[in-house]
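Visitor: Submitted below is the structure of interest, expressed as structure tokens.
Laboratory data are not the source of any read-out in this text; all were calculated from the coordinates shown. Here the structure is a predicted model, which is why all the values come from computation and not from measurement. So basically every Cβ, Gly included, is an ideal-geometry build from the backbone, and we count neighbours across all protein chains shown.
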Amino acid sequence: MKKIILTVAAVFVLSFANAQDDAKNVKGFSKGDMWAEGSFSFRSGDLVDSWAFNPKIGYMIDNKWGIGGKLDFSGAKQANGDKSGAFGIGVFARNYFLSLGADKAFQAFGELGLGYSALTEEPNGGSKSTTSALNANIDLGINYFFTSHWAATFKLANILSYNNTNPENGSNSSDLNVNVNLFNNIFAQPQFGLLYKW
């Protein structure tokens, strides 16, 4: 009798542990998940050397909606000695509106972002100037989870963007761009990044 009770208990414990592992291995997002994502680029050439780093961190407030913050850093140096650098900070709200695949590995999203950025330009032998801007954007993208924690991020399209620019020397300007063109291939030049979920 003890052997039967111990066997049943062992099967129950192993089944419970296996169920917990399966729950942890679910792809996609659930309420309470957090994630960090970003992209990095570097270019070196005869005319210009440049780099950019764009980290984000987010939190899922339910199974469809996430909120978070982002930073943008970039810099460039021209062959003629001109330098430029940019810094940006912002917030975003993301809605996951489509899940594909039996394990929900593909997650399509729309993202609304608001932010502030500053671009500093320093011509070779000239004086430094800074241009600040307020910006807003609506983007479409996809996360592809290749494990339960790691995903590739593809930014497919920038549907709407608004920039209000305030240069240190010059007049303010505003730009509104709406890109809804059914004939363009949104997969032609996607931007790639990497995401980690915990």
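Visitor: Projecting each Cα onto the charge dipole of region 76-169 (Lys/Arg +1, Asp/Glu -1 at the beta carbon, about the Cα centre), which of ALA157, PHE106, ASN95 comes out farthest on the positive side?
Guide: Result: PHE106, furthest along the dipole toward the positive end.
Visitor: At 0.36 nm per residue, minus the direct Cα-Cα distance, what do ALA118 and LYS31 gain on full extension? Give it in nm, one decimal, please. Present the calculation step by step, with values, prior to reporting the outcome.
Guide: Numbers: separation 87, 0.36 × 87 = 31.32 nm, distance 3.42 nm.
The ALA118-LYS31 span can extend by a further 27.9 nm.
Visitor: Here's something else I'd like to know. For LYS155, which aspartates and glutamates qualify as cross-link partners when the Cα separation must be under 17 Å and same-chain residues fewer than eight apart are set aside?
Guide: Counting by Cα, and skipping residues close in sequence, LYS155 has these aspartates and glutamates nearby: GLU37, ASP72, GLU111, ASP139.
Visitor: Trypsin sites (Lys or Arg not before Pro), restricted to region 44-116: which are DSSP loop and have at most 15 other Cβ atoms within 10 Å?
Guide: Numbers: sites: LYS56, LYS64, LYS70, LYS77, LYS83, ARG94, LYS104; in loops: LYS64, LYS104.
The qualifying sites are LYS64, LYS104.
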